[in-house]
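The values are calculated or read from the model by the stated rules, or taken from the named source; none is laboratory data. On a predicted model such as this, the values are computed, not experimentally measured, just so you know. What goes into the accessible areas is simple: the full protein's heavy atoms, side chains included, and nothing from ligands, DNA or RNA. Shrake-Rupley method; radii C 1.70, N 1.55, O 1.52, S 1.80 Å.
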Amino acid sequence: MKNKKALFLIIIGIILIISALYLQLHNNYEDIKAGKESKEVVEVIQEELNTQEIKEDSDKETIKVNGDEYIGIINIPSLNVELPVMSDWSYEKMKKSPARYYGSLENNDLVICAHSYKNFFRYIKNLVKGDVVVFTDINGNKYLFEVKVVEILKPENIKEMIESEFDLTLFTCTYDSQNRVTVRLNRVNNISKIEK
């Protein structure tokens with residue numbers, strides 16, 4: 001009887017280990033795939049920005065790439081991250097790139113969310129006060145933001161996430177997915193139009 005119970009526990013243990021390995025491999029695959037797709041989208045948007053006539057009064061809000069709408073590119077130099085930002089979010093869309101969760105640049109209340117993939121926002125927890133983030137909209141306007149606060153919020157704190165005194169908020173899940181790493185930034189200035 002004891003031998004059967006021990007064998008059963010060993011089999012369960014092996015199944016759990018295999019399941020954990022599969023999950024880890026699947027997550028790594030999703031991360032690599034998302035990073036590659038995002039890089040391709042950034043290249044398409046940058047090519048479009050380099051070829052379009054940038055006008056001061058341009059009111060273009062999004063650009064369509066592979067059937068998805070994007071509002072621009074976010075660049076975090078200290079993390080060596082450059083990613084496209086979708087115009088709206090869903091769990092499925094976030095597998096491809098960061099996305100606008102709420103707000104806009106014009107209203108100084110833009111909130112961008114992303115999975116904690118290595119190629120996305122996993123390391124935003126390492127940002128410190130004074131680090132900069134550059135957001136380039138699809139009209140070629142570049143905006144410089146400075147990190148003010150890095151904090152942890154509970155997933156249910158949606159009001160605190162979207163109603164803040166900050167111009168830009170970036171967030172992702174903590175490693176255990178129980179909380180949200182939240183980076184608050186304020187706009188420093190409008191840097192420039194993209195030069196041809």
At a threshold of 8 angstrom on Cα-Cα distance, excluding pairs fewer than six apart, so keeping six or more, what relative contact order does the chain reach in percent? 18 percent
From the backbone phi of the stretch 61-78, what are the Karplus-calculated ³J(HN,Hα) couplings (6.51 cos²θ - 1.76 cosθ + 1.60, θ = phi - 60°) in whole Hz, Gly and Pro given as x? 9, 9, 10, 9, 9, 6, x, 10, 8, 10, 9, x, 10, 9, 10, 10, x, 5
Could you point to the label whose value was computed as Rg and Dmax of the Cα atoms in Å for the structure here, given (1) 14.9, 42; (2) 15.8, 51; (3) 20.0, 81? (3)
Beyond 29 Å (Cα-Cα) in this structure, taken from LYS118/LYS154; LYS36/LYS159; LYS36/LYS142, we find LYS36/LYS159
Might you tell me the accessible area per residue for the stretch 119-196, computed with a 1.4 Å probe and given in Å²? 52 Å²
How far, in degrees from 0 to 90, does helix 2-51 lean away from the longest principal axis of the Cα atoms of the chain, to the nearest 10? 10 degrees
List every residue whose amide H lies under 5 Å from the amide H of SER116, counting only residues 5 or more places away in sequence or on a different chain, with H placed 1.01 Å from N in the peptide plane. CYS173
Share of the chain's accessible area from carbon and sulfur, percent, 1.4 Å? 53 percent
To the nearest 500 deg cm²/dmol, what mean residue ellipticity at 222 nm is calculated for the chain from DSSP H runs of n ≥ 4 alone, each contributing -39,500 (n - 2.57), summed and divided by the residues? -10000 deg cm²/dmol
For the stretch 67-147, share of DSSP beta bridges that run antiparallel, in % to the nearest 5: 95 percent
